[in-house]
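Note sheet for the following structure.
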Amino acid sequence: MTTTAAAATAAKLLAVEAHAVALETTPGWVTREQPIFWSEPRPEARPAHWRYAAIRAALEQAAGLVDLSLAERRILALRNPFPGNNFATTRTLSCAYQYMLPGETASTHRHASHALRILLDARGTYSVVDRIRMPMETGDIVLTPGGCWHGHGHEGDRPACWMDVLDIPLTHLLEPMYFETYPDRAQPAERTVDASPWRFAAADIGRRLDDAEFTSPRGCVARVELSASGMPTMGIAVERLRPCAATDRRRSTASRCVTVTAGAGRSRIGTELFEWRFGDTFAIPSWVWYEHAAQEHSQLVEISDEPVMRMCNYYREEIAA
Ligand code: GTQ
Ligand code: FE2
């Protein structure tokens, strides 16, 4: 091609590209500002750790100032420190510590997002989920699947604190979000139950862990998976850790939020080393290597988006040799 012919072709191509932009399309042959593909997962969320003692103290202070008759919920959401983020704890999950005073009620509402609660310190607290009242007490895990009316109450005599985990960032991404308040402040319960597919009682979790074997190659983790009835977006696993140097080092495409329900230890997540104790929560982003080391007998509750990853055929995991 002559230089003039080449220049004419280039000019035509520029015109085609300008027209493509006018058609609200982006040409695949032009280098993009943001690539579409990259060679391996590169999570925006970071390894992060939140301390229960400090957050609970802040909630206690807020409790004297924030009345539950005005606020929907008295919570502090765990904000993963990636730019522009406000409430996501990992890419798909939002965690928050919730605090209730004796005698308080948290009003009935419902929303698209699925939710569960990990009870850290609660006696005499309950939740009413679609008219079924069930206890929410220390060590329990209670589910409120998306679309179910739910409100909480506290008839005990000491402040209560628990961890909420919701799939809010996933709801935002997929855009089915809605939120409704119940016509009255509290939906009346038609009956009270102890056993429900929505409640894993502390004692039952303990029994299942007693039956589980310490199967990890290094023999320091016993793991039980709970089936999240009506909540296909969240995987729930409870792990018992014996004191040991370290678990396997592993990574997967799923991201995970881990709340410490007993004991103390440390976890290496990517390049971070977090020293955790009772009530703390840490975030494990997708594809970041992690390992735990318990300093005493410990229990971890791990909530992940693994079921979503598996459903999409995106799930991959590796265990370091
Ligand atoms: O208790 O219903 O942490 O709706 C965030 C949103 C808790 C709840 C949260 C909620 C709730
Ligand atoms: Fe809610």
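The values are calculated or read from the model by the stated rules, or taken from the named source; none is laboratory data. The model shown is predicted, which means the values in this text are computed figures rather than measured ones. Quick reminder, even Gly has a Cβ in these numbers, built from the backbone with ideal geometry, and neighbours come from all protein chains shown. The accessibility values were calculated without ligands, DNA or RNA, using every heavy atom of the protein model including side chains. Shrake-Rupley method; radii C 1.70, N 1.55, O 1.52, S 1.80 Å.
A few points about this structure:
- Within segment 275-289, the set of residues being outside any loop (DSSP other than H, G, I, E, B) and open to solvent by less than 20 Å² (accessible area, probe 1.4 Å) comprises W276, T281, F282, A283, I284.
- Picking from residues in segment 78-122 that are more than 16 Å from ligand 2 (Cβ to nearest atom) and under 22 Å from G153 (Cβ atoms), the one that is surrounded by the most Cβ atoms within 10 Å (Cβ to Cβ) is A122.
- Tallying residues that are within 16 Å of ligand 1 (Cβ to nearest atom) and of a type outside the set (A, V, I, L, M) within segment 57-73 yields 3.
- Residue count for segment 58-77, restricted to those that are within 16 Å of ligand 2 (Cβ to nearest atom) and either closer than 26 Å to P41 by Cα or open to solvent by 50 Å² or more (accessible area, probe 1.4 Å) (or both): 4
- From T144, T138, T215, T171, residue being loosely packed, with under 13 Cβ neighbours inside 10 Å and either within 16 Å of ligand 1 (Cβ to nearest atom) or of a type outside the set (K, R) (or both): T215
- The residues of segment 146-200 that are without any contact (Cβ under 8 Å) to a residue 12 or more places away in the chain and either in a loop (DSSP other than H, G, I, E, B) or within 12 Å of ligand 2 (Cβ to nearest atom) (or both), listed by number, are E175, P183, A195.
- Single residue of segment 240-271 satisfying the filter (open to solvent by less than 20 Å² (accessible area, probe 1.4 Å) and charged (D, E, K, R)) that is modelled with the lowest pLDDT: D248
- Residue satisfying all of: in segment 201-225; in a strand (DSSP E or B) and touching a Cys at 6+ places or on another chain (Cβ under 9 Å); nearest to L120 (Cα to Cα) among these: V221
- Selected residue (criterion: modelled with the lowest pLDDT) from residues of segment 226-239 that are among the aliphatic types (A, V, I, L, M) and outside any strand (DSSP E or B): A228
- Sole residue being under 18 Å from the mean Cα position of the chain (by Cα) and more than 12 Å from ligand 1 (Cβ to nearest atom), chosen from R46, R133, R117: R46
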